[in-house]
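The structure under discussion appears below in the form of structure tokens.
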Amino acid sequence: MSALARLVRDPWPLVALLVVAIMLVFVAWPLAELARQSLIGQESGRFGVENYVAFFESRYFRRALTNSLTVAALGTAISLLLAVPLALAFARYDFRAKRWIEVAILMSMLSPPFVGAYAWILMFGRSGMVRQALASIGIDIPPIYGTFGIALATAFSHYPVMFLVVRSGLSRVNVGLEEAAASLGRGRLAVIGTVTLPLVLPALVTGILLVFLGILADFGTPSILGEGERFPVLATLAFSLYLSEIGAEPGMAATTAAILVLLAMTLVIFARWLAARRTVSNDTSGTRIATPLRGGRGALMSFGTATLVLLANMPLIVVVGSSFLEVRGVVFQPALTLANYTNAFAALGDALWNSLRYAAIALVMILVLGSLAGYLIARRSGLLSRLADLLIMVPYVVPGTVLGIGYASVFNQPPLMLTGTAGIIVVMYVIRRLPFVARASASIVYQIDRGLEEASQSLGVRPLGGFRRVMLPLMRPGLLAGAAIAWVEVFNELSASIVLYTGGTRTLPVAAYQQSLAGDVGMAAAYATMLIAITAGALALFILLRGRGDGDVGVL
Amino acid sequence: MTDAHLKATGIKVRFGDFTALNGVDLAVRRGELVTLLGPSGCGKTTLLRVIAGFQRQTEGRIEVGGRNLGDVPPEGRNFGMVFQSYAVFPHMSVADNVAYGLAARGVRGGDRAKRVQAALERVQLGALAGRFPDALSGGQKQRVGLARAMVIEPDLLLMDEPLSNLDALLRIEMRREIRLMQRELGITTLYVTHDQEEALAISDRIAVMRQGELLQIAPPEEVFEAPAHAFVADFIGGCNWFDATLAPGDAVTLAEGPSFVLPRREGRPSGPVRLALRNEDLRLCGAPGALPCLAGQVLMRAYMGHRTRLHLRLPSGATMDADVPSGTALPAEGATVHLEFHPDRARLFTCGAGPVDGWRIA
Ligand SMILES: Nc1ncnc2c1ncn2[C@@H]1O[C@H](COP(=O)(O)OP(=O)(O)OP(=O)(O)O)[C@@H](O)[C@H]1O
Ligand SMILES: [Mg+2]
């Protein structure tokens, strides 16, 4: 059989080639360019580590690095405090309104983190409502800007990830093991320490890694709560350096970006190493069934978790609520109005339409590429698919700001002149979300019996036909869940869009961010509310599409 | 074999340094059911997958009905496959599962529906055509798998441990059904199992494998009565093993004492040999008589229905088992008994370190 005939019969190598090509052009190339720029001295123009030396010699830059690390560490710690008790309660007990409380937890993921940050400013900013109210009764608290504020805001927007990961880890711990330990005379706490903890450690490590990386990469929150240059973190520093270098010698922005990526990579490798060293095989046969709590204990559990979650959702409630309040100057008045929305729509331009269009196109591409790539990763062991697997994971450690700067510096000239187009935003959306959807679809494929495809093939159907008629229908529910999360992330994307947008390609998150940073407080709240509403609406649509399946969202 | 339908010659499969199949030759006649039998990891699945086209052989050639399958992909081979995991499409009804292969062959409309229904009736699922797999038992799922593989009228039916996920009683019932159906339709079948009883019951011939090699392929009686290799004797039926010496003149002397003379035959090698006796070939006797006889102390008696297994210690300290009819006066535990055997029942195998080790002495 000729090579061509073989490809017609089984085109998977072509698909692998396509994925590899896409990742090389839209991930490897921009990153390589940033690496190159970072290695060309901004002062001398010579090749070397001059920029890195300059970075570490500058107090201000060093401060950005320590700020990033402090904020991420503190934010992760707060997320743990919020998420672990909730995860324990959800994995171990059934109580009233559990499902609704869960939905409320996931709500925190439905808006870009900077919306939460903005809400904190509305409450505890310089002229924040709560702060003023407290001041009027003689209690003075400092405004929320800076380390603690950023950590708090990011923790509140990232803790649902931790919750999901830890809960699924906990519910996979074999009951038998805990019962065995208890029957051997161990007390409750001792059982948790000696049996439960080591078994959920991998999940805990994953959760910590995801949240830490998320906070490290977050651009909007530190930019709003850090008051621009006053409290720099790596992501905001890279952005402002990039802006200041436009038209001048590049170098320091690229260096900052490179340091950010290296930091993220180091963390991932460290977490992998930790997980590999500590992996205990957990026999999951005796999966835990949650204990129903009735009467007073149940009510207490419902009340406790609901309060915690309500607290965590406070920022969103405040934003949505204040979007309907009258504004005088920079202060909300206790009077209801729709004026903020009228103003917002008047100033909206194409932002909403752009966001919807770009996100929808990107979502389709993400689904197609993600399902193909996931299948490749799980089922094909050739060199190309292994390369695709490796490359597809790279964006995972590349913060949006970095990717944006990379795109801006390679796609601003032929052969690929993309800056300023809608295409560059769509491509960026696709690349940023692809790893997650590809991983999710790979993990679905891993769970599908290989025999099904072989059965299909032995019955006379070619590999691609079998993929379409057997694999895709079985992957659909998982893919839809992946798509729902991809939609949330893409629709709310800010940190790369802020680098890449132009007048005509402004998106809704960019508009909301700009208003929150330096615009009208009422309009900012209105934009943020629109983001939340559209995301939630789309999510509800996905859930309807998916039918009454189990609420398993474990595809992060 | 000249009338072979499936002919695999010199099949070698290497995974890196590891040789999973080391030059296997296998020929299956039209309409025949051959089982591949061997311990876990011996390469049964690998051989089946090579024949199905899912695994490329490193070396070797496969022909079916005179056609070389070298470059033919699995979907072009027209083989039916039945899987241990059933591999029933969970998102399709029973009828759609069975229709899948027919649709791929362009069979449409009423003809397809008729053939699907006929196939389902043959496996007694006629009434469940509209069900979905998650509402079927394991046995029913495997029936769907069977119907799906049979309905395309395959040139070869490949089954990889189709019954090993079913419970014991159902396994026996289904293997009978498979055998009856296979005979009735005359489908050439290769059947993988690691259950020797299943292999004995169902096969026209059994191919016994070990570590990527095919040691013997023969009808069940022959594999049981005249194992070609010590491993075959041990794997099928089980044996007691004794060290012995074969002297020129065909006299055999067991290290345990007894000796006897084999019927005269030219060209038997002399030297150390291994002698195998099946449990049921040992008979209780009052005292040593004309037949070779072993003495041993009964360590344990295990009642097994028609027979009782005596676990004995020989004077040398070695242990062995003998299955004697239950009901007769049986020795008490601790008693010393005599057990005789007929020289015809003893099988001799080479013993040494070379590649010929373990082969039956002609
Ligand atoms: N893809 C592979 N890569 C490396 N080694 C393999 C691969 N597939 C099979 N093997 C090895 O080849 C040997 C034979 O495997 P095979 O699955 O054919 O055994 P089997 O006889 O079917 O065993 P079982 O009764 O357990 O199913 C095993 O040692 C197995 O580990
Ligand atoms: Mg096998």
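Any read-out appearing in this document is the output of simple, stated calculations on the displayed coordinates, not a laboratory observation. All of these numbers come straight from a predicted model, not from anything done at the bench. Cβ atoms come from the backbone with ideal geometry, glycine included; neighbour counts cover every protein chain shown.
Here B:LYS7 is the anchor, and the aspartates and glutamates within straight C-alpha reach of less than 18 Å, apart from those fewer than 8 places off in the same chain, are B:ASP25, B:GLU32, B:GLU59, B:GLU63, B:ASP71, B:ASP155, B:ASP204, B:GLU213.
The string of couplings for segment A:80-94 from the Karplus curve (6.51, -1.76, 1.60, θ = phi - 60°) is 4, 4, 6, 7, 5, x, 5, 4, 4, 4, 6, 6, 9, 10, 10 Hz, one whole number per residue in order, with x for Gly and Pro.
Each of A:GLU33, B:GLU177, A:GLU57, B:GLU266 was scored by other Cβ atoms within 10 Å of its Cβ. Arranged with the fewest first, they read B:GLU266, A:GLU57, B:GLU177, A:GLU33. Counting Cβ atoms of other protein chains within 10 Å of each residue's Cβ and taking the mean over peptide B:86-97 gives 4. Within a straight-line Cα-Cα reach of under 17 Å, A:LYS98 can be paired with the following aspartates and glutamates, leaving aside sequence neighbours fewer than 8 residues apart in one chain: A:ASP550, A:ASP552.
Using the Cβ-Cβ distance between A:PHE345 and A:MET417 with R0 set to 51 Å, the FRET efficiency works out to roughly 0.95.
Between the C-alpha center of segment A:25-64 and that of segment A:460-523 there is a gap of 31 Å. When both segment B:23-76 and segment A:397-429 are represented by their alpha-carbon centers, they are found 52 Å apart. Converting phi to 3J(HN,Hα) with the Karplus coefficients 6.51, -1.76 and 1.60 and the offset θ = phi - 60°, segment A:300-311 yields 4, 5, 4, 5, x, 5, 4, 4, 4, 5, 4, 4 Hz in sequence order, with x at every glycine or proline. When the square roots of the Cα gyration tensor eigenvalues are ordered a ≥ b ≥ c, the ratio a/c for segment A:1-105 is 1.5 or more and a/b does not exceed b/c, which makes its shape oblate.
Averaged over the residues of A:448-454, the number of partner chain Cβ atoms lying within 10 Å of the residue Cβ comes to 6. Taking amide hydrogens as placed 1.01 Å from N in the peptide plane, the amide H of B:ALA255 sits under 5 Å from those of B:ASP243, B:ALA244, B:THR245, each at least 5 positions away in sequence or on another chain. Calculate I(q)/I(0) for chain B by the Debye formula, one identical point scatterer on each C-alpha and no solvent, and give its log10 at q = 0.08, 0.10, 0.15 Å⁻¹ to two decimals. For the requested q values the scattering log ratios are -0.52, -0.75, -1.22.
At an R0 of 45 angstrom, the distance between the Cβ atoms of B:ALA335 and A:ARG96 translates into a FRET efficiency of 0.05. 3J(HN,Hα) couplings calculated from phi for segment A:335-349 with the Karplus curve 6.51 cos²θ - 1.76 cosθ + 1.60 (θ = phi - 60°) are, in sequence order, 9, 7, 7, 9, 4, 4, 6, 4, 4, 4, 5, 4, 8, 5, x Hz; Gly and Pro show x. Near B:LYS12, which lysines are there with a Cα under 19 Å away, not counting those fewer than 8 places off in the same chain? Within the straight-line limit of under 19 Å, B:LYS12 reaches these lysines: B:LYS44.
Averaging the Cα positions of each part gives two centres, and for segment A:95-150 and segment B:194-226 these lie 74 Å apart.
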